[in-house]
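K.L.:
Take a look at the following structure, please.
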Amino acid sequence: MDISSILQGGYHHPLARQWQSRRQLTKSMLMYPIFITDEPDASVEIASLPGQRRWGINKLEGFLAPLVKKGLQSVILFGVPLKCEKDERGTPADDPSGPVMLAIKKIRELFPTIYIACDVCLCEYTDHGHCGLLKTDGSIDNSPSVDRIAQVAVNYAKAGAHCVAPSDMMDGRIKGIKRGLIDAKLGNKCTLMSYSAKFASCMYGPFRDAAGSAPSFGDRKCYQLPPAAKGLARRAIQRDTAEGADIIMVKPALPYLDVIADAAELAPNHPLACYQVSGEFAMIHAGAAAGVYDLRTMAFESVDSMIRAGATLILTYFTPEFLEWLDN
């Protein structure tokens, strides 16, 4: 079966089916990014991300149960390995005893209704902190990077993830992952959400604090998109839809509303996600703390702009607050 023939990965789960329609902000549109560390009893505050913590798997039940009761329907997991031995291939990324693999199984056991997405990247797990494998001169070696990223994605799916979301920005990784899922007989059972238009933004600082994923040298400008590159973003969106992505994502969100609108035009038959990234979240909190605006009002205004631009799925650290606000 050809890659372009596989559509069911995008609507195999009841929540994923809801994302096929465009709407006002509802609880089903919210995906909560959470950080899972390899210290089982961890509950560590992240200073640059107000109200957010790194969690150990033994704390997940107490953390998530109140949110599920309020209507939480989906999460995206980011691994924060602090005790493992990192290497050039990012071997700990899909270690069966690693935090993400354990968290997938734990959440499925505790909260069977929760839709579980997993960020797929190597930067948290490589000793150099880059998102792919490197050549001897320190530049990205694309083909083996794609192979390794696809391997990690398939292993997350095998562990029970409903969705895999590659954020590495390696050329061709969507086709590689889709083929890997199909070969593993998971093409119809796992959604592939692509960070299609991920920009080399200055707004990732708090996330890198949270995940410990800053590169040990250089930067990621050779594989993340230049901020002014509207044409490249459009080409990347078209490429990823052709390669089999089930959901298209733009990241960051608020500074790139025009790109979200472009994605809605270029991929009108796909759910469209955007990531309100750590810097956006921290900036909104900082403005509210300075008395510039009301936190709740600005949070809604920011997300409403994303929906207006065409987004149908919002990844945001405001998810716990929205679960309450939408009831009031």
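The values are calculated or read from the model by the stated rules, or taken from the named source; none is laboratory data. Predicted model only: the values in this text are computed from it and were never measured. Virtual Cβ from ideal backbone geometry, glycine too; neighbours counted across all protein chains shown. To get the accessible areas, we keep the full protein, side chains included, count just its heavy atoms, and leave off ligands, DNA and RNA. Shrake-Rupley method; radii C 1.70, N 1.55, O 1.52, S 1.80 Å.
K.L.:
Taking 1 over the mean of 1/r across every pair of different Cα atoms in region 1-119, what Kirkwood radius in Å do you get? Present the calculation step by step, with values, prior to reporting the outcome.
P.N.:
On the way: mean 1/r = 0.0630 Å⁻¹.
Its Kirkwood hydrodynamic radius stands at 15.9 Å.
K.L.:
Report the accessible area of E301, computed with a 1.4 Å probe over the heavy atoms of all protein chains in place, in Å² rounded to the nearest 10.
P.N.:
Spelled out: E301, probe radius 1.4 Å, area about 110 Å².
K.L.:
I've got another one for you. Using Cα positions and a limit of under 18 Å, work out the aspartates and glutamates in reach of K69, with same-chain residues fewer than 8 apart set aside.
P.N.:
Excluding near neighbours in sequence, the set is E61, E109, E321, E324, D327.
K.L.:
Summarise the accessible area of the chain (1.4 Å probe, protein heavy atoms) by the percent that is carbon and sulfur.
P.N.:
Details: 6670 of 13000 Å².
So the carbon and sulfur contribution to the accessible surface is 51 percent.
K.L.:
Evaluate the charge dipole of the chain about its Cα centre and quote only its size in Debye, nearest 20, assuming +1 on the Cβ of each Lys and Arg and -1 on the Cβ of each Asp and Glu.
P.N.:
Details: 35 positive and 36 negative charges, 153 e Å.
The dipole magnitude comes to about 740 debye.
K.L.:
Taking a cut-off of 13 Å between Cα atoms, list the aspartates and glutamates near K135, but don't count ones fewer than 8 places away on the same chain.
P.N.:
Qualifying aspartates and glutamates at Cα under 13 Å: E88.
K.L.:
Counting just the Cα atoms, what span does region 29-76 cover along each of its three principal axes? Round to the nearest Å and put the largest first.
P.N.:
That works out to 28, 24, 16 Å along the principal axes.
K.L.:
A follow-up question, please. Starting from the Cα of K158, draw a straight line to each of the lysines and keep only those under 22 Å, dropping any in the same chain fewer than 8 residues away.
P.N.:
Straight-distance partners of K158: K105, K106, K175, K178, K185, K189.
K.L.:
Treating each Cα of the chain as an identical point scatterer and ignoring solvent, apply the Debye formula and state log10 I(q)/I(0) at q = 0.07, 0.09, 0.14 Å⁻¹.
P.N.:
-0.24, -0.41, -1.10
K.L.:
Tell me the mean residue ellipticity at 222 nm calculated for the chain from its helices only (DSSP H runs of n ≥ 4, each -39500 (n - 2.57), averaged over every residue, nearest 500). Each step should come with its number before you reach the end.
P.N.:
Working: 11 runs with 121 residues, N = 328.
Roughly -11000 deg cm²/dmol at 222 nm, from the helical runs in the chain.
K.L.:
Under a 10 Å cutoff between Cα atoms, tell me which one of C84, C123, C131 has the largest fluctuation in the Gaussian network model of the chain.
P.N.:
Highest fluctuation of the listed residues: C84.
K.L.:
Hey, can you find the accessible area per residue of region 259-328 for me, probe 1.4 Å, expressed in square angstrom? Don't skip to the end; give the middle numbers.
P.N.:
Details: 2550 Å² over 70 residues.
It amounts to 36 Å² per residue over region 259-328.
K.L.:
Counting only heavy atoms of protein chains, what accessible area per residue, in Å², does region 86-217 have with a probe of 1.4 Å?
P.N.:
Working: 4660 Å² over 132 residues.
Result: 35 Å² of accessible area for each residue.
K.L.:
A further question on this structure: So in the chain, what percent of DSSP beta bridges are antiparallel if you round to the nearest 5? Let's see the in-between values first.
P.N.:
Values: 4 of 38 bridges.
Within the chain, antiparallel bridges account for around 10 percent of the total.
K.L.:
Moving on. Rank by packing, highest mean first: peptides 139-147, 98-106, with packing defined as the count of other Cβ atoms within 10 Å averaged across residues.
P.N.:
Values: 139-147: 17.0, 98-106: 22.4.
Ranking the peptides 139-147, 98-106 by packing returns 98-106, 139-147.
K.L.:
Using only Cα positions of region 60-116, each an equal point scatterer, no hydration layer, compute I(q)/I(0) via Debye at q = 0.29, 0.31 Å⁻¹ and quote the log10 values to two decimals.
P.N.:
-1.20, -1.32
K.L.:
Find the centroid of the Cα atoms in region 13-79 and in region 290-326, then give the distance between the two in whole Å.
P.N.:
Spelled out, the Cα-based centre of one part sits 16 Å from the other.
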